[in-house]
Amino acid sequence: MRIIPLSNVFDEIFDQLAVFMVYCIPEKTAKEHSMYPRLKMNKRKITENTRAIISRAKTYGIDVTAITKCTGGNVEIAQAFLDGGAAAIGDSRIQNLKNLAMLPCEKWLIRIPMISESNETVAFANLSLNSEMKTIRSLNLAAKAQGKTHGILLMLDLGDLREGYFIGDGRKNSDEINALISESLRVLDCDIQEILTMKNIKLRGIGTNATCVGATIPIPDSFPAFFKVKQLIEEKYQLPCEIISGGNSSAWYLIENASIPVDINNLRLGDVILFGRESAYFHSYDYLHQDAFILDIEIIEIRSKPSYPIGEIGRNAFGDVPVFADHGIRRRAICALGRQDTEPEHLFPLLPGIKIESYSSDHLILDITDAPIDYVIGDIVSLRCDYMGALYAATSEYVEKIIIND
């Protein structure tokens, strides 16, 4: 008689159980066991937003480069941009542009390339934003080696103090700043002369940026110096400025106000398309969806607890000294999500009566005392994301990403 080890019997039972779980589990139960946290990106709504933005931009002769960086270069969202009529796709990271290589459209690297990624920039981007001659020389060599011509936009800093030749906005400044502007314009002129000698680099135009670092808001009077550089290129060097890229989603309100300068023919837009709001004044538009990004999170604990901590308050996990208000005993739900996954301050519960109370690196505490649902452990809470909430969640390896079309 052959004796079968007990461990082998258990292994066979577990194997059969695994097969049963895969093939026999009801569809509803299988969906309930999806991975959480889960970011749902609504392709239909993003396509509709893109189409609405493109339609309004075309009224002013403006092409839109749609920016995918918030979604980590997601191919389906990039396709939604193209389905909505975007002229080109832009991203700040080469890794994301690699993911989009199969799409039949022009691709922009919207962060100044690192010299170390010159070869990949030329390989995966038709155009890049630039302000450093050492980098442009490296791109020229890479393009020559690949038998390509690489397009560039020269970035001009009008005062936001991010990338670009610092040229100011054309208004009065101190003597010290005026001297800095004069030197920048001298260097810019010399650099243009050198660029025009490069056989594998094509200067396609100029670009600028606002609100990202200095929080400066673009207004019609911000652009005189910008357009003087356009005039310099076109008149002194007899080179047409194909692209005059006047900014990002913070410039969208200029279109809404019908005050966008006529010389601008391109905007680089992500925020306003994905979240339905411009980023200068955070104004939302009723013709755009604001809920294309929903984050579903699972409840792992429900307890009634005081709303004010007991004991001496010091610094929390992030080195901050938190401030609490005493609202008495409240029913609190802890969800499996934290600052390691996203930025909780940029999440908004869909149901009324739910409030984000606090968070740590991997816990999100909700006050559900006034929630319309009697939540239990394992229930899912849905949160709308704004730009920062979606950006961090979409690029976190701990958050599942799915595309929906409802």
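The values are calculated or read from the model by the stated rules, or taken from the named source; none is laboratory data. Computed from a predicted structure; not experimentally measured. Because the Cβ atoms are built from the backbone with ideal geometry, glycine has one as well, and the counts that use them run over all protein chains shown. Protein only, heavy atoms only, side chains kept; ligands, DNA and RNA dropped before computing areas. Shrake-Rupley method; radii C 1.70, N 1.55, O 1.52, S 1.80 Å.
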Helix 133-146 axis, angle to the chain major axis (alpha carbon atoms, nearest 10°): 80
Full-extension gain in nm, Ile217 to Lys134, via 0.36 nm per residue minus C-alpha separation: 26.8 nm
Cβ-defined net charge surrounding Gln231, 13 Å radius [Lys, Arg +1; Asp, Glu -1]: -1
Exposure ranking of Phe293, Phe166 by accessible area [1.4 Å probe, largest first]: Phe166, Phe293
Computed label-point distance, nm, for sites Ser361 and Met102 using a 7 Å Cα→Cβ extension: 3.7
Euclidean distance between Cα centres, region 292-332 to region 71-123, Å: 40
With Cα atoms, 0 to 90° folded angle of helix 175-195 axis to the chain main axis: 80
Electrostatic dipole magnitude of the chain [Cβ: Lys, Arg +1; Asp, Glu -1; Cα centre; debye, to 20]: 900
Helix-only mean residue ellipticity at 222 nm for the chain, each DSSP H run of n ≥ 4 adding -39500 (n - 2.57), per residue, nearest 500: -9000 deg cm²/dmol
At R0 = 35 Å, FRET efficiency that the Cβ-Cβ distance of Val321 and Ser116 yields, to 0.05: 0.30
Label-zone membership for region 327-366, site Ser284, 7 angstrom Cα→C-beta point, backbone N under 15 Å: 346-353
0 to 90° range, to nearest 10: angle between helix 43-59 axis and the chain longest Cα axis: 20
FRET E, pair Ser304, Glu397, Förster distance 41 Å, beta-carbon r, rounded to 0.05: 0.75
Per-pair calculated FRET efficiency, R0 = 30 Å: Ala258 and Lys228 via Cβ, rounded to 0.05: 0.80
Cα centroid separation, region 213-236 to region 149-209 (Å): 10
Dipole axis of the chain (+1 Lys, Arg; -1 Asp, Glu on Cβ), positive-most option in Ile110, Leu351, Gly338: Ile110
